[in-house]
1. With +1 on each Lys and Arg Cβ and -1 on each Asp and Glu Cβ, how big is the dipole of the protein assembly as shown about its Cα centre, in debye rounded to the nearest 20?
2. For the stretch C:237-315, which trypsin sites (Lys or Arg not before Pro) are in a loop by DSSP, counting at most 13 other Cβ atoms within 10 Å?
3. Using Cα centres only, tell me the gap between the stretch C:245-278 and the stretch A:33-83 in whole Å.
4. On average, how many beta carbons from a partner chain sit within 10 Å of the beta carbon of a residue in C:269-282?
5. Which cross-chain or sequence-distant (5 or more) residues have an amide H under 5 Å from the amide H of A:I91, H modelled 1.01 Å from N in plane?
6. Straight-line reach from C:K128: which aspartates and glutamates have a Cα under 19 Å away, not including same-chain ones fewer than 8 places off?
7. Under unit Cβ charges (Lys, Arg +1; Asp, Glu -1), what dipole magnitude, rounded to 20 debye, does chain B have relative to its Cα centre?
8. Grab the beta carbon distance between A:T267 and B:L162, set R0 = 45 Å, and tell me the FRET efficiency rounded to 0.05.
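Every read-out reported here was derived from the displayed coordinates using simple, explicitly stated rules and does not represent laboratory data. Keep in mind that what you see is a predicted model, and the values were worked out from it rather than measured. A quick note on method: Cβ atoms are made from the backbone with ideal geometry, for glycine too, and the neighbour counts reach across all protein chains shown.
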Amino acid sequence: MNNVLLQTNHLSKIYTDDRKSVVKAVNDISLQIYQGETFGLVGESGCGKSTFGQMLVNLLEPTKGKILFEGEDIFKNKRARKEIPQKIQMIFQDPYSSLNPKRKIGWLLEESLIIHRKNLSKEQRAKIVDEMLDLVGLDESYKDRYPSQLSGGQRQRVSIAIALILNPKFVVCDEAVSALDVSVQAQILNLLHDLQEKFSLTYLFISHNLNVVSYMSDRIGVMYLGSIVELGDAVTLSKNPIHPYTKMLFSSSMNVGDADSGKVQITGELPSPSNPPSGCTFHTRCPYCTELCSSARPELQELPDGRQIACHYAQKFYQESMEKKR
Amino acid sequence: MKQNRLKKYLSNRNFTLGLIMVSILFLLMVVGFFYLPADPNKIDVMKELLPPSRENLLGTDQLGRDILSRVMVGSRISFFIGFCVVICGGLLGCTLGGAAGYYGGKIDSVITKLIDTQMAFPGVLLALMLIAVFGNSVQNLILALSVMSVPRFARMSRSGFLKYRNSEFVKAAKVKGASDLRIMILHIFPNLLQELSVTATLSFSGAIMSEAGLSYLSLGIQPPTPSFGKMLSEAQNTILTAGWYVVIPAALITMLVLGFNLISDGLNEIYRH
Amino acid sequence: MNNTTKTVLKIDNLSICFDINGKKCHAIRDLNLTVNAGELVALVGESGCGKTLCASFSMGLGPQTASLEAGSILVNGQDMTQADDAAWNTIRGKDVSMIFQEPMTSLNPLMKVGRQIAENALNRGVPKAEAKNKALEMIRLAGLPDANRIYNCYPHQLSGGQRQRIMICLALINQPKLLIADEPTTALDVTIQAQVLEIIREMCTKTGTAVLIITHDLGVVSHLCDRTYVMYAGSIVESGPTAQIIQHPKHPYTKGLLACLPDISKKGQRLENIKHSVPPLEKRPEVGCIYANRCNECMDCCTQITPQRIAFGQREIACHKYTLDNLEE
């Protein structure tokens, strides 16, 4: 668990429009994702988590910064770019719109092989497709069906098969189970787990659903307006969130059966990303905001328990939480 | 499944009616390849402007040629030109519109301006100009009519490509590493076929009408090859003495154009529901 | 007599059919549901189980293609089963109102939101000036700052959370007896969801409105609702007080739903799941338990005999596993 598989260095995606308004969708994110782990990324919609995921699979061009995969820049040259699909793949949110309605399942699966494994014969390709379908729990007969003939869960299985057919090491799951019913969601989560073990995959698990992320992930990064505000071990983070935003996020998630006691007061809404607040971007909603927060932007710092956090009062909050534990 | 789909098409009244009209003429043309009642170009001054009779089912023209035979041969030209124009105009239009819609930005504005300019120019005038410069031939007629039908296809495919270029399944194809060309042809294009078929039938009827118009002005098909437009212009001199001669080509052009328009309306209705 | 006035919505043995290729398919079968005054009731189920259909029939907004086979709908003690549009119009917005999942599509984009709220009161004969004051008060109650500014905003100038609050104002301005909320927070972020649900609870307590929340999210249910109906493929499989259902689920479906929720405490374990997925309308069995093909405690009788509801205490359950005797133990 110590090999860094994917690393981003000061990765930013900045949109500018004609009127010179600047939206920092992703703002200077540096993080490492280790071989074999599941890294969860949570945040409200519009916080830039999907933008971050899309940059990793070459769907969006980063404005600044680098993405290193096994130490190599994936945008280094044209050839490296072409190889991205074989290393990094993506599972999309909506299984209804991510499969081309006019193409059969078999065709959709085979396509990646046609593009990247040019030396395979037709029979060899068909064999791989069958194996892949079998792996995700569908039988061969699905090859000749159209996406509209499948249920949501079956479609998401197909999406997973498509993502894994090139044997990538890294898979970005962008809200991969958000559109599914809970009973099917559990099937897909189990499937993702099994496949991770079988192929020693590394996941970047992007979701707004804290329960799903904290269940799936080894480490979690919490994003707010394009930046990481807290990053650490999943259990530590969900049991003892330190950053006021993380606290708010976790207390607003509604778990079945847990009591309402100790809820943090939730106030305000996500500010417009084109006009982010000065200083700490969270200060407009933060119950502990001081003058320092509205003027200076906090840097990510590491706390004794290994987590990284961007808050001026991180040390203070950390001490308090430790005392409470005692 | 397939039977259901056929049923769906045939239960639409417009579509069925149009299909019947077009099929009659199509059959007439096909039969003409194997059997003609008389030589369509055989001039016989003795039989000038005969009314319909058992011998000449639709009568004869002022040179004594059998009108039924001329109609059977003339429909070939209509279908041939319609077909060629839809293929050429469709290919060119879809390529231009596809590139504009998919890539956007500068490519889009250049292509859109180009098409807008073309549309601002009267179609018949353009055809006249082309024929005046390059000479009077079927190829040039097809070229002129194809250029005229490009904007329709280009606009339709541009809006289609624009709609799908940011769709999730295109993103999914990009993540697979599919090239732009592959995405455009194999992923987006099949999704446009329905709308495209509506545009194609409309263009087909438009081309037939324009061809008739140009032939009427003696700019399209050259005699003695029969064509509906040409026959119409020949018949207008005898409109008072031999009424049937004018009615026949006029009725056939109407039937063909109306048929295709009905098919197009029908398809539109079917796809919308 | 007292009993009937306390019940704001009573659905009895409701069956609704769709005609699919000439075959009658039950979308809702033998459904019983009551909402009492001032209560917060949840109708939980996965997508395609008929919960939205049930809600639209309770508002007289059922689709034309659906036919009411049997049963009755009583709104506020009034039998609305055969009511026409005119009859529904007299109670819609006054006795019963509804909020939808996507607030943008249910607001008029060309009218100021304040006017839209006031309009609802005007329609019920409230004088103009009073309607405006009432609307402003509702906006304030909904926790929106600067009510006068919000009053003059158009829907597109507001965020998703704000729009949903406006929808709540719209629905509650006439102090209806019953509010039907169809997935009111599904389109919203978690932090906003918590706020909006809190507003619904607060405002309804103040106005004395009963709420029927339709949702797929058991978390929402457990935090908000007094009573819960668990729906599966058109039938209610289990109902009762929320706390009892969450803590001691009886029906295998309810158990399965709760067990397959991911949670930090289940980390590293496989999630339990329910096999297959909800069958489409035309493939649902006519007799027997509708859940039989996905149930892992399925017995022989389950596929042959339709289970009857058994009532015990405040709960009801429809499953062959239980008899009155083994439930009371």
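1. Dipole about the Cα centre, nearest 20: 1500 debye.
2. C:R270, C:K275
3. 34 Å
4. Rounded to a whole number, the mean comes out at 4.
5. A:V172, A:C173, A:D174
6. Those aspartates and glutamates meeting the cut-off are C:E119, C:E137.
7. Dipole about the Cα centre, nearest 20: 1260 debye.
8. 0.65
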